[in-house]
Amino acid sequence: MILSLIPDVIKLPIAVALGAAIAFYPAKWIGAAGERQVVATEALKTSVTVLRERNTINEEVTASDVGALCAALGLSDDETTECMRRLDEAPGEAGHSGIPHPEGSIACERDRQP
């Protein structure tokens, strides 16, 4: 055969290189799949943590009275009075839950000019 004409000193490194090349890509794909699984698990843990924190905040806001909510916004006395009046009215208006918007109270900011 033709392979018997090639010395073992040359065949052995070629065989090792071919074996490594054949094993490299499946090992790479298995490693990448494992990495994706770790990243997905971390993302899920982060999502659960964020949702738990959001639920805690929602419970605090729901349990707070209107005065505490307006005071937490850091408004002046006049603005706080107006905010409390509007939040008291808000649950009766269509489309309002009575809970302030995350970026500030929509009820307090609605008529404010820039």
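What pairs come out if I take residues in region 25-46 that are touching a residue at least 40 places away in the same chain (Cβ under 8 Å) and pair them with residues that are exposed (fewer than 10 other Cβ atoms within 10 Å of the Cβ) and β-branched (Val, Ile, Thr) whose C-beta lies under 6 Å away, six or more apart or interchain? Hits for this filter: zero, empty list.
Candidates Ala27, Ala32, Ala90, Ala20: the one that is surrounded by 10 or more Cβ atoms within 10 Å (Cβ to Cβ), in a helix (DSSP H, G or I), modelled with pLDDT under 80 and small (Gly, Ala, Ser) is Ala90. For region 35-73, filtered to residues that are surrounded by fewer than 11 Cβ atoms within 10 Å (Cβ to Cβ) and either modelled with pLDDT under 85 or touching a Leu at 6+ places or on another chain (Cβ under 6 Å) (or both), the residue that is nearest to Glu89 (Cα to Cα) is Asp65.
The values are calculated or read from the model by the stated rules, or taken from the named source; none is laboratory data. What you are looking at is a predicted structure, and each value in this text was computed from that prediction instead of being measured. Here Cβ is always computed from backbone atoms with ideal geometry, including for glycine, and neighbour counts include all displayed protein chains.
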